[in-house]
Amino acid sequence: MLVNAKVGAIVFFVAVLDRSVAFYRDTLGLPINEIDGHDGPFALAELGEVTLVFIQRPAKAGDSPVVVFGLEGGIDDYAEALAAKGVEIVVPVSEAPDGGLSLDFVDPDRNMLSLYQPPGAARRQ
């Protein structure tokens, strides 16, 4: 089902955004961009084809990181196919911080996975 998708992002829920930005930027040397999203600030580090996303949000150990599969479009079709296979969808298709669309679901061990579709892509294939 996800054979044409790629891992596009890994999302980290962090307690203090500024502290995490400083660590990944100053300690690890990653280029970090801070962005004001519609749900508040977040930060991005572009690493080749994978983006690290840092969102300040309360989370307990094990809630993060979240592996995000990037889609070219058709997120509603993927949502229906996952539901038809009995996959537990935790957050239905909704707006992502950058205006794209996302859907969160869990694997059998309750590891969080996500689908992401960029702004402007068709919801159905």
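The values are calculated or read from the model by the stated rules, or taken from the named source; none is laboratory data. Not measured: the values here are computed from a predicted model. Cβ atoms come from the backbone with ideal geometry, glycine included; neighbour counts cover every protein chain shown.
Consider only pairs whose beta carbons are under 7 Å apart and that are at least six residues apart or on different chains; among these, list those whose first residue lies in segment 72-86 and is more than 10 Å from R123 (Cα to Cα) and whose second residue is surrounded by fewer than 16 Cβ atoms within 10 Å (Cβ to Cβ). What qualifies is A79/I89; A79/P92; A81/M1; L82/I89; A83/I89. On the stretch given as segment 101-125, residues that are touching a Phe, Trp or Tyr at 6+ places or on another chain (Cβ under 6 Å) and either among the small types (G, A, S) or not in a strand (DSSP E or B) (or both) total 1. Would segment 37-54 turn up any residue that is among the charged types (D, E, K, R) and touching a residue at least 24 places away in the same chain (Cβ under 8 Å)? The answer is yes, given that some residue of segment 37-54 is among the charged types (D, E, K, R) and touching a residue at least 24 places away in the same chain (Cβ under 8 Å). On the stretch given as segment 76-100, residues that are part of a loop (DSSP other than H, G, I, E, B) and either at pLDDT 95 or above or surrounded by 12 or more Cβ atoms within 10 Å (Cβ to Cβ) (or both) total 6. Within segment 59-69, at least one residue is within 25 Å of V3 (Cα to Cα) and among the aromatic types (F, W, Y).
In segment 21-33, the condition of being under 20 Å from G120 (Cβ atoms) and either aromatic (F, W, Y) or in contact (Cβ under 8 Å) with a residue 40 or more places away in the chain (or both) is met by no residue. Filtering segment 61-69 for residues that are in contact (Cβ under 8 Å) with a residue 60 or more places away in the chain, under 17 Å from R123 (Cβ atoms) and either among the polar types (S, T, N, Q) or surrounded by fewer than 13 Cβ atoms within 10 Å (Cβ to Cβ) (or both) leaves an empty set.
Provide a single number: the residues in segment 7-18 that are more than 14 Å from A96 (Cβ to Cβ) and surrounded by 12 or more Cβ atoms within 10 Å (Cβ to Cβ).
7
Residues of segment 25-59 that are in a helix (DSSP H, G or I) and either surrounded by 19 or more Cβ atoms within 10 Å (Cβ to Cβ) or among the basic types (K, R) (or both): R25 alone.
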